[in-house]
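Q: My questions all concern the structure below.
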Amino acid sequence: MLKKLFQSFRPPLGGQHHRRTTPEVINQNQHSLQRSQFSRHAVSIVERLQSAGYQAYLVGGCVRDLLLGITPKDFDVATSATPEQVRAEFRNARIIGRRFKLVHIHFGRDIIEVATFRAHHSEEDQGDSHRSSHNASGRILRDNVYGTLEDDAQRRDFTINALYYDPVNERILDYANGLHDIRNRLLRLIGDPTHRYQEDPVRMLRAVRFAAKLDFGIEKHTVQPIRQLSKLLREIPPARLFEEVLKLFLSGQGAIAFEMLVDLELFEPLFPASAQALDERPTYTHTLISQALSNTDLRVEQGKPVTPAFLFAALLWPALPARSLFLQSQGVPPIPALNEAAHDLIAEQCQRIAIPKRFTLPIREIWDMQERLPRRSGKRADMLLDNPRFRAGYDFLLLRESAGEATDDLGQWWTDYQEANDSERRDMIRELGSRDDSAAAPRKRKRSPSKRKSGGDGASD
Ligand code: ATP
Ligand code: MG
């Protein structure tokens, strides 16, 4: 499967395959796009800018996706007008961003993003830190050097993302042989791949995201430098990585994206502790994470809501036991050790990926539930059932079991309990008390993940 993804279907035509100064123009009768497929707000913005004398096009993901028969997520406009000029044309427009200045035009809840044509940065531009700035490894910190349409096409990431659609004359402009790559289902960076990744290492994640989402291969020169450059992701602001990781894992192809991240050594810089767990207990860790992602993909496909908290809880869970065991070896009792390990792990993870508080709290609650689900005696079971986190905690328990953790059939017990009527429930609780598994004596029962290793949890690799 991965082999297929990384295969190059056709060799690039020399190094200049994607460099053109005049575009290939594809007329209305030579392509499948229709103006009516695009957001009417985006089309009206383009028309308005063009009648004000600017160049303006629909560009990027929306053109790519419609050519592939996919419904676009959003509609981006590119124009020769500066952000200030765009703002002057529309009452409902706001300039946003510093690193990359954009205009957001609001139509109720719909927002259309309008970007001014950008150029690669010349030496001269780099003297002006308001427009252009780089760090020592060549990463672009500020990208506000404006240019022509041709320039704009060259600074985009992949050839398939550099197609411009003009809804007025319904023509497509192709400067980078993007249509050729669409036809061959191939992701190809524009320009020298190493240089383009150094400029913006997030492009490595975008390569994985688009390959997974579109089921495209990655052209071999585009894939080749990734393993060597993956560490550059450590320099990326954690807030940007959070956004990018959500897109990778929550757009319906998370399981395959995870396989590719691991294969391309991009998982380690994003989730260092989980990558270590993957090394130490490969089968268990891999099964747990892939299973969580496959479940998520299924929910996305069915249009059900998905929460990042559950996913992050799963991604980090395999890294907990080692930490908690270490603390125990320092004399910390099991339950506080687990709590401290959970706290430290999340704090460390947030240095790489800024998980907002509204998600870290539920992660902790899902983990805490794992501690409480075995303790069912007296009124405990019914109280747990009323807990707003019960469902997530129960689903998480089933996930752990599917990855091979031995939990004494606790998942099945809870499944039965939820389906049982009042008197059956009372019987189930009574039965627990009579069993010799001490479920009724929670204080003696230390079913923490830290115990799992020594107790032999069955999830061995
Ligand atoms: P989708 O919206 O489906 O995630 P997209 O291709 O529209 O995919 P956006 O992040 O919305 O992706 O970006 C819009 C366009 O801007 C892209 O198609 C690409 O041309 C350009 N672009 C975005 N990010 C980068 C980047 N890091 N480097 C170069 N070009 C980029
Ligand atoms: Mg987009």
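Q: Taking a quarter of the surface of the Cα convex hull of the chain, what do you get in nm²? Present the calculation step by step, with values, prior to reporting the outcome.
A: Details: hull surface 102.8 nm².
If I average the Cα hull's projected area over directions, I get 25.7 nm².
Q: Please sort 327-337, 198-208 by packing, taking for each peptide the average over its residues of neighbouring beta carbons within 10 angstrom, highest first.
A: Answer by packing, highest mean first, reads 198-208, 327-337.
Q: Using the basic label-point model (7 angstrom from Cα toward the beta carbon), what is the Ser251 to Glu235 distance in nanometres?
A: Between Ser251 and Glu235, the simple spin-label model gives 2.4 nm.
Q: Given a 1.4 angstrom probe, I'd like the percentage of the accessible area of segment 313-385 that is carbon and sulfur, rounded to a whole number.
A: Whole-percent figure for carbon plus sulfur exposure: 56.
Q: Taking 8 Å as the Cα distance limit and 6 or more residues as the minimum spacing, I'd like the relative contact order of the chain as a percentage.
A: It rounds to 12 percent for the chain.
Q: Okay, next question. Length gain on complete extension for the stretch Glu340 to Leu385, per 0.36 nm per residue less the alpha carbon to alpha carbon distance?
A: 13.6 nm is the gain from fully extending Glu340 to Leu385.
Q: Assuming R0 = 60 Å, what is the FRET efficiency of Glu170 and Arg430, from their Cβ-Cβ distance, to the nearest 0.05?
A: With R0 = 60 Å, the Cβ-Cβ based efficiency is 0.25.
Q: Would you mind computing, in nm to one decimal, how far apart the modelled labels at Asp422 and Leu298 are, each placed 7 Å from Cα along Cα→Cβ?
A: Taking the two extended label points, one gets 3.4 nm.
Q: Given 0.36 nm per residue, what is the gain on full extension from Ala354 to Ile70 after removing their alpha carbon distance, in nm?
A: Full extension from Ala354 to Ile70 adds 99.2 nm.
Q: A further question on this structure: Restricting to Cα pairs below 8 Å that are 6+ residues apart, what does the relative contact order work out to for segment 237-437? Please round to a whole percent. It would help to have the intermediate numbers written out before the result.
A: Details: 173 pairs, mean separation 46.3, N = 201.
For segment 237-437, the relative contact order is 23 percent.
Q: Then there is this: Which value in Å is the Kirkwood Rh of segment 237-437 over different Cα pairs?
A: Result for segment 237-437, one decimal place: 18.0 Å.
Q: Could you order the peptides 109-117, 137-145, 211-219 from most to least packed, using the average number of other C-beta atoms within 10 Å per residue?
A: 211-219, 109-117, 137-145
Q: Same structure again: Determine the gain in length on full extension of the stretch Thr415-Ile96; use 0.36 nm per residue of separation and subtract their C-alpha separation, reporting nm with one decimal. Present the calculation step by step, with values, prior to reporting the outcome.
A: Details: separation 319, 0.36 × 319 = 114.84 nm, distance 4.90 nm.
Result: 109.9 nm gained on full extension.
Q: Related question: Are there any trypsin sites (Lys or Arg not before Pro) in segment 19-100 that are in a DSSP loop and have at most 16 other Cβ atoms within 10 Å? List them by number.
A: Here the sparse-neighbourhood loop sites are Arg19, Arg20, Lys73, Arg91, Arg98, Arg99.
Q: Ignoring everything except DSSP H segments at least 4 long, calculate the 222 nm mean residue ellipticity for the chain; use -39,500 (n - 2.57) per segment, divide by total residues, nearest 500.
A: My calculation for the chain gives -14500 deg cm²/dmol from helical runs alone.
Q: Going by average Cβ density within 10 Å per residue, which order do the peptides 312-321, 167-176, 225-234 take, highest to lowest?
A: Sorting 312-321, 167-176, 225-234 by mean packing, highest first, produces 312-321, 167-176, 225-234.
Q: Give me the one-decimal nm value for the distance between modelled label points at Asp192 and Glu265, 7 Å along each residue's Cα-to-Cβ direction.
A: It is 2.1 nm.
Q: Calculate the length of the line joining the C-alpha centroid of segment 318-343 to that of segment 356-428, in whole Å.
A: 21
Q: Let me ask another. Any idea of the accessible area per residue across segment 237-437, 1.4 Å probe, to the nearest Å²? Mind showing how you got there, number by number?
A: Values: 9100 Å² over 201 residues.
Value returned for segment 237-437: 45 Å² of accessible area per residue.
Q: I'd like the carbon and sulfur percentage of the solvent accessible area for segment 21-195, probe radius 1.4 Å, heavy atoms only, ligands and nucleic acids excluded.
A: The nonpolar share, carbon plus sulfur, comes to 45 percent.
Q: Quote the relative contact order of segment 21-195 in percent (integer), defining contacts as alpha-carbon pairs under 8 Å separated by 6+ residues.
A: Answer for segment 21-195 is 24 percent.
Q: Separate question: Estimate the FRET efficiency between Ser32 and Glu150 by the formula 1/(1 + (r/R0)^6), using the beta-carbon distance for r and 35 Å for R0, to the nearest 0.05.
A: About 0.90, to the nearest 0.05.
The values are calculated or read from the model by the stated rules, or taken from the named source; none is laboratory data. What you see is a predicted model; the values in this text were computed from it and never measured. Note that we place each Cβ from the backbone using ideal geometry, even for glycine, and neighbour counts take in every protein chain shown. Calculation scope for accessible area: heavy atoms of the full protein, side chains included, ligands and nucleic acids excluded. Shrake-Rupley method; radii C 1.70, N 1.55, O 1.52, S 1.80 Å.
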